[in-house]
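Data block below; observations after.
The values are calculated or read from the model by the stated rules, or taken from the named source; none is laboratory data. Since the model is a prediction, treat every value here as computed from it, not as a measurement. Positions of Cβ are generated from backbone atoms using ideal geometry, with glycine treated the same way; all protein chains shown enter the neighbour counts.
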Amino acid sequence: MLIGEYQHSLDEKGRLIVPAKFREDLGEKFIVTRGFDRALFVYSLEQWEILKRKIEELSTASPDTQRAFERLFFSGAVEAELDKQGRVVIPQHLRDHAHIERDVYVNGVSSKVEIWAKDVWEEYSKRVQESYEEIAKTNIRL
């Protein structure tokens, strides 16, 4: 399971050090794509295949919506690979999507990793923190 929150910075070539705790679960090659809320989603190849099958099985009750989602989700995806220092290049189109310039949070979120621009994550987490307990009480029995 991927868990934890780490602060890192991209270097001048757009490379990000992947936290050592995530490297084994992600593998040497993995997928980075557009996520929700201006984040990037990172999946191991195994998790990507599971997700791909789920998306392919989506109901065709709303084909326009399904096609739009598939186009944006898959067209933005790249197969990424760690270098010898445990870094990955984040392509410019994905940095633009996530508003990433330099400082980021790299968060483990169960079966995926999320990469957030520092300011976007801090604003998002502050906003949802206010309803965190209510969400848990309503939806999850802790």
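Counting only residues that are part of a loop (DSSP other than H, G, I, E, B), β-branched (Val, Ile, Thr) and surrounded by 11 or more Cβ atoms within 10 Å (Cβ to Cβ), how many does the range 47-106 have? First the steps, then the outcome.
Here is the first cut: in the range 47-106, the residues part of a loop (DSSP other than H, G, I, E, B) are 57-62, 76-77, 82-86, 90-91, 99-102.
Then keep just the ones that are β-branched (Val, Ile, Thr); that gives 60, 90, 100.
Add one more test, that the residue is surrounded by 11 or more Cβ atoms within 10 Å (Cβ to Cβ), and what stays is 90, 100.
Matching residues across the range 47-106 total 2.
Within the range 60-75, can one find any residue that is more than 16 Å from Asn107 (Cα to Cα), basic (Lys, Arg) and out of contact with any Asp or Glu (no Cβ under 7 Å at 6 or more places or on another chain)? So that I can check it myself, show each step before the final result.
Just the residues of the range 60-75 that are more than 16 Å from Asn107 (Cα to Cα), to begin with: 60-75.
Right, trim to basic (Lys, Arg) and you get 67, 71.
Those still in the list that are out of contact with any Asp or Glu (no Cβ under 7 Å at 6 or more places or on another chain) too: 67, 71.
Looking for residues that are more than 16 Å from Asn107 (Cα to Cα), basic (Lys, Arg) and out of contact with any Asp or Glu (no Cβ under 7 Å at 6 or more places or on another chain), one finds at least one in the range 60-75, hence yes.
Does Val113 count as among the β-branched types (Val, Ile, Thr) and either exposed (fewer than 11 other Cβ atoms within 10 Å of the Cβ) or not in a helix (DSSP H, G or I) (or both)?
yes
Okay, residues lined up against (1) touching a Lys or Arg at 6+ places or on another chain (Cβ under 9 Å); (2) more than 22 Å from His8 (Cα to Cα):
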| position | (1), (2) |
| --- | --- |
| His99 | yes, no |
| Val106 | no, no |
| Trp116 | yes, no |
| Tyr132 | no, yes |
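Specify which of the listed residues (Arg71, Arg53, Arg87) is within 30 Å of Lys126 (Cα to Cα) and not aliphatic (A, V, I, L, M).
Values: Arg71 fails: within 30 Å of Lys126 (Cα to Cα); Arg53 fails: within 30 Å of Lys126 (Cα to Cα).
After applying the criteria, what remains is Arg87.
Contact list please: Cβ distance under 7 Å, first residue in the range 27-41 and at pLDDT 95 or above, second residue assigned to a loop (DSSP other than H, G, I, E, B) and β-branched (Val, Ile, Thr), pairs at least six apart or on different chains.
Correct list of pairs: Val32/Ile90.
Please go through the range 1-45 and pick out each residue that is among the aliphatic types (A, V, I, L, M) and farther than 19 Å from Trp121 by Cα.
Looking only at the range 1-45, we keep the residues that are among the aliphatic types (A, V, I, L, M), and these are 1-3, 10, 16-18, 20, 26, 31-32, 39-40, 42, 45.
Answer for the range 1-45, where residues must be among the aliphatic types (A, V, I, L, M) and farther than 19 Å from Trp121 by Cα: Met1, Ala20, Leu26, Ile31, Leu45.
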